[in-house]
Structures are given as C-alpha cells and as structure tokens.
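Notes to accompany the following structure.
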Amino acid sequence: MLHELLLALLGFTGDFVVDEREQWETLGLNPDPDSRPHEPTFKLAPDLTFLQPSERSAIERLISLGFYYRELNHFATKSRNLTSIRTRKYPSTHEAPGLANGKTGKPSIYRRAIANGIVEILSVYRAAVLQVEQNLLSDPVPILATVTRGLNKFDVLLPPLYELIVEIECEDVRGGQLLNLLHKRCHCGVPELQACFQRLLWHGHQVLYNQLASWMVYGILQDQHGEFFIKSFGLIYDETESSHPDLIEKLMQKSSEDPSLTDWHLGFHIYLDMLPEYIHMPVAESILFAGKAVRVLRNPSATFRLKDTIHQPSFRLSQRGQGFVGTVASQKELLKGTILIAEELLPQSEADKIEAMLQELKGSSEFHKRLFESAVSSIRTIAANHLWQLVVIRADLNGHLKALKDYFLLAKGDFFQCFLEESRQLMRLPPRQSTAEADLVVPFQLAALKTIGDEDKYFSRVSLRMPSFGINVRTSQTEIAKKKINLDGSLGVLSHGITSSEMSLDGWDAIALEYSVEWPLQLFFTQEVLSKYCKVFQYLIRLKRTQMELEKSWAAVMHQDHTDFANQRKDRKNCSVSQQRRQRSRPMWRVREHMTFLIRNLQFYIQVDVIESQWNVLQAHVQNSHDFTELVGFHQEYLSALISQTFLDIGSVSRILDSIMKLCLQFCWNIENYDSNPNVTELEIITEEFNKKSNSLYTILRSSRLAGSQRAPFLRQFLMRLNFNSFFEASYCKRSAECSQQATADSWGPPARMRLGFPMINSCQYCAPAVIFLLWW
C-alpha cells in the first residue's frame, strides 16, 4: 500500500487508487468523454473496508495531488511538442483524458515557455515525493503523518495551477493573452503561490524579450504562430479578408501603387488582442516605431544604396580600372559599398547597446514596469535619432521642404506670375478634356526657362497635372434663374441663383502639382501630406490668377485711356466720346479697386502672416529637433496651421472666397469686352453680388464663434487689414440698416415698399449667407 500511494502521488493508478473517469468511460456512463473534470477523479478503491473514514479522507486528499500532477505533466508534455498536435484518445492510465479533447490546437511558443516553468515546479514536487519515500523507508511509522508533512505545501500550489491550465485550454489563451492572465494571477495573498506564478510569467517574458530583440535590434518579426502584439500586414490580411473586403482592397491598392511604402505605412500594426494590459498603448507604439525604424535603417532601397555608393571616393577610384578586370573590381566595390551604407545608417555599436538593454531586462527575475518603459523609450530615441539623420541630413529634408514651399506655396512668385501670363490666353478658353494637361506644359516650361536657373535641382521633381475639371451647375437651374431675371429684372433672384452651393467653378481650377519623392523621404512626405500641399496650391493659384487678371484689366484700360487722351489732344473737336467713356467707367473702377483691395489683402495675409510665420516656426523646430517622430508631428502642425488659418477647413468661408474670385474674373472679362459688347446690366449684377459676398465674408469672419477659436489671433490680423479705415464696418452697418428698413417695409405690405423704393424681393439677400452660416455653426 505504501508503494501504491507513492505511485498515485506521481499520477499512476492501480488496485489501491483508481480513476473514476476511466471507470465511467468503460461503463459508458460519462455523457461527455471530452469534458474536463472540475474535481480530482483519483479515489481509493471501494473494497478497502479496513480503512477508517478519517484515514480514507486523509489519503484521498493526498492522492488528489497525484491527479493534479498527472494533468499538469501531460499539459507540459503536449505544449512542449510543437511539431505535431494530433487528435488522440488515452489508451492507458498514463494519458490524461482531460487534456486531449479530440481537437487539433495551434502551436504556441508561449505555452511551451509556461510548460517549461510547470516542469520546473513538477520537478520540485517529484523531489519532495522521493524525499517522503526515503523518510518512510528509514522510519516507516507513522505513514500518513510523514506523507502529509512532506507534501503539505503543494496543497496551495497544484490546484491553482490546474485551474490555470483548464482556463488556458478551454479559452485557447495564447501569446500576450497568456502573459496578461499570468500577470493577473500574480496578485494573490499566498507568497508561495505568488512566487510560482511570477516564475511562470518570467518564462513567458523570456519569449517576449526574444521577440522584442529580434524586432528592435534587427527589424525582423519572429512570430510564426501569431502571438506577438505586433503583426505583419500579411497576417492581418488573412484574418480580415472575409470580414472587411473593402478595407483590404483599399490597402492593397495603396501598397501596390508604391511597394516601397508597404513596410512603413501598411506592413506592421499593433494587434490589440495580443497586447498585455500592463503594456500601455504608447509603449507599444514606441516598440512598433523602433522596429520599423531599424527595419528601414538596415534595409535601404537599392536606388539609395547605389546612389551613395557611387558618390564614395573609393568607388570613384575603382572606376579608373580598365577592361574586364576593372569592371569586376567595380562590381565588387559596389557590393561592398552597399553593405557599408547599411552599417553606417545603424552602427553595430548602437545595435549592441539596444540588445544589452533588452538582455538586462530579460535577466531580471521580476518584471518592473518602470524599467521596461524606460528601456523602450531609450531604444525608441536611438532609432528615431538615426532615422532623423537619414531623412534630414543624408536625404536633405530641408531642401525638399523649401522646394515644396517654393512651388506649392507659391514662394517663387516670379515663376508663377510668368506661368499665368504665358497661359493667360489659353485659360480664357474652356479646357479640353483630352489635351488640357499637354496644353499647359508649354507655358509651364517657358516660365521655367525665363525664371528658374540650372542651380534649382528640385524643379525636375515638380510636374503639372490636370486631374479633373470643375463641377458645372445643372442647366435647368441656370436657365430658370436667367428666365426669372429677364421677367422681373430683380437682382435678388440672380443672387439667389449664384449663391447656390452648386455654382460652377472654372475648369482651370483643377490645376495641380505633383512632387516626385524618393526613398527615404517617402516616410516623411506621405500621399496624405502631398495632397494637403496640393489643396493649398490650388487655392493659392486661383488667388494669384485673380489678382493678375485684376491688374491686367487695369493696365489694359489705362493703356486705352492714355491712347484716348493722346487722341483728344490731337483732335479736340471729337473729344466728347472719350470723356463719356471715362465718365461711364469711373463706377466700374471703384468696384475694381474694392475687388483688388480684398484680393490683395487676402493674398498678403496668406503669404506673410500665415505661410512665412509658420515656415519660420517649422524651421526652428527642424533645427532644434533630432527626433524623427517629433519632426513629423511638427510638420503636421505646420500643414494644419496653413489649412486652418487660410480658412480652407471652413466650408462656408472657402465657398464665399471661391465665389468672390469667380466674380472678379467675370468682372475683368466683361470690362475687357466692354467696348465691343457693352453690358451694363451684367456688370451691375456682378457688382451687387460682389458687395453681398464681401459683406457676408466680413460678417462671418467677425462672428463670435470664430473670434473664440484657435485661429483668432491670425483672424484679427486679416480683419485689421480689411477694415483698417472702417470701410467694411461702415458698409456692413449700411447693409444692416437697409435690411431693417426692408423688414419694416415687408410688414407694411407691397404698396409701402414701393413708396420707399425697395425692390420686390421676398427676403433679404445681403445677410442670408452669414445668418445661414451662424445657424449652421
């Protein structure tokens, strides 16, 4: 009986100790043979009648440790075997029916690590059983007291461990989820059990640190079974292909357009299901960034390696060789140079430093959250600094930023002035869908030849595009508006038609620029960033074109006026015609001056108060920062400030400004054709519409909502430029007074309104856009 008891303590049943689960399966009484028992199934044989109830209870409490040992041992055996996991039934008492439920499971290196920790604990348990056997052989009396005293500490260890493996297998806990489960169970009030779980967690962290070292030192993702909290795009694609086909198609299209960006932008992501709760998201993002940065530094593009190798002095000397021998020597030198470039981007000393920090964490017996976060922050700083050197120093980031400012933000004003002058006659005609882009190439190249020298090495990266044309208003609405004007002659009806959100835009407003970006600047200038630059460019080029047309119309009329004055001096008898023309044109020139005043101040505000000031702020950040992610953040703030302070993010304001520029262009074209086709009514309509739009713009910009926003200081500068002599404010007050009188006339009825001289309109056309904006806000 002593040996039967000792064998039962090691998981072996016999005549003295039986397994009730096996008996149930033999008799076919177990309804679910694959279910896991919640209680120990080791019991004393029922035919042992000579035992007292107290002795039976004490022995059954002891042999339950054998049940837990057998289950834990089989879990460890199965988890440590990663080569094959097969469906099987237990043919003998050596098999654990609770652990083989007839299902095929996924391999898990984290479970294997936990299994190694369980094996350590079970080895201590086996040593204790062996010590009990030796004590009993030396002094056989009393048996139960000796066994109980030798194995008493395992009563608090083995049952919680069995509960742990039950939860692991029933819920298929793997990877970071397993670390999270162990971390929670470490918080208990039993010191022995706490030390046991901390040891298991230490084994799990060994796998985690190995994966972190592979990722953060070499940029390699070692995760064969999908248990790391950083996942590659390929694995995400496999899991989400069926549930999110639209998202996958969109990501694949973006990655196929530029494969070099796949790793950085789409290659790796944080997998929240495998992220332990005690590793916060900012720390996980730092780990993700550090690995991606190391991956970039260790794997530069072939074009970049070739370019840097060719510029090396050693490679230039090798080119002096002649014939076949010289060619072979050059190829060897080129291969050697590419390897050296990769080592220069991330020196081996820095990689060793990163690995040493991770090894120090790996060697600690406990997980210290503060030390872990500090080490991750230091590694991220190292990676960010070397990535900063690659992008800012070697790739000349500041030069490309200056080029984007020159061309996308119109800092090279002479170039775009020349381009608009060369293409002025072309832009008078609607763009042809098939040749619009080709038609613009000629004036674009001519402007470059006249204003840009050979020293500008960035101009070759700029190209002109016509991606799409403007959206035209529907014909039915336009015709209805015109018919109403012709019938009643009311200016308000036309105003209502033009202020529609569907007002047509000039087809040439779709002019856009493209900028060719090479590795590694693609990490900084993403497609989203370039699209923001293009959005600002389209806005500025429309503004520049409007200003030029206003100046050109003034120059043309002044030329005509000087010609008339010269003719007047020659022929004083026929001078009345020229004088009448000058008298008729004076009100139009006042309108033109108001348009010029608004457009010029808006352009000066954008170029000086917005672009130049924000550019100086960005330059200060570029000079003072040595962190790549900080630099990306500063550049995003720079672009956001440009869009915000130019009111491109306020739909109502941007639409009003587009309408004003459209009216200015229509006014200029009507003025130039005034001698051949005088149309006073249309000019009056444009004038009235411009007054309404400008007053609406002023009303919106001085509203309390905008005054309390983040753009308030910049908005006050623009308002100060517009209203420096209180002209806009006086005009606004005048319009408000007219609106009040009109509302009073509406209450009196049509006869009273006719006596006061108000037009027959149904509502006020001056304040409506501003009121609608404020109500919408």
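The values are calculated or read from the model by the stated rules, or taken from the named source; none is laboratory data. Here the structure is a predicted model, which is why all the values come from computation and not from measurement. Counting neighbours? That spans all protein chains shown, and the Cβs are built from the backbone with ideal geometry, glycine included.
In region 607-626, which residue that is touching a Leu at 6+ places or on another chain (Cβ under 7 Å) and within 30 Å of Cys664 (Cα to Cα) is surrounded by the fewest Cβ atoms within 10 Å (Cβ to Cβ)?
That would be Gln614.
Picking from Thr646, Thr681, Thr629, which residue would you name as being in contact with a helix residue (DSSP H, G or I) (Cβ under 8 Å, 6 or more places away or on another chain) and surrounded by fewer than 19 Cβ atoms within 10 Å (Cβ to Cβ)?
On the way: Thr646 fails: surrounded by fewer than 19 Cβ atoms within 10 Å (Cβ to Cβ); Thr681 fails: in contact with a helix residue (DSSP H, G or I) (Cβ under 8 Å, 6 or more places away or on another chain).
Of the residues listed, the single one that is in contact with a helix residue (DSSP H, G or I) (Cβ under 8 Å, 6 or more places away or on another chain) and surrounded by fewer than 19 Cβ atoms within 10 Å (Cβ to Cβ) is Thr629.
Looking at region 158-181, is at least one residue surrounded by 13 or more Cβ atoms within 10 Å (Cβ to Cβ) and among the basic types (Lys, Arg)?
Yes, region 158-181 has at least one match.
Would you mention how many residues in region 121-152 are touching a residue at least 12 places away in the same chain (Cβ under 8 Å) and in a helix (DSSP H, G or I)?
The first filter runs over region 121-152 and keeps only residues touching a residue at least 12 places away in the same chain (Cβ under 8 Å), leaving 121-122, 125-126, 128-129, 131-133, 135-136, 140, 143-144, 146-148, 150-151.
Checking which are in a helix (DSSP H, G or I) leaves us with 121-122, 125-126, 128-129, 131-133, 135-136, 143-144, 146-148, 150-151.
Total satisfying the criteria: 18.
Any idea which of Asp406, Asp414 is among the charged types (D, E, K, R), surrounded by fewer than 17 Cβ atoms within 10 Å (Cβ to Cβ) and assigned by TED's automatic domain parsing to the domain that holds Thr629? Break it down stepwise before answering.
Values: Asp406 fails: surrounded by fewer than 17 Cβ atoms within 10 Å (Cβ to Cβ).
Among Asp406, Asp414, only Asp414 is among the charged types (D, E, K, R), surrounded by fewer than 17 Cβ atoms within 10 Å (Cβ to Cβ) and assigned by TED's automatic domain parsing to the domain that holds Thr629.
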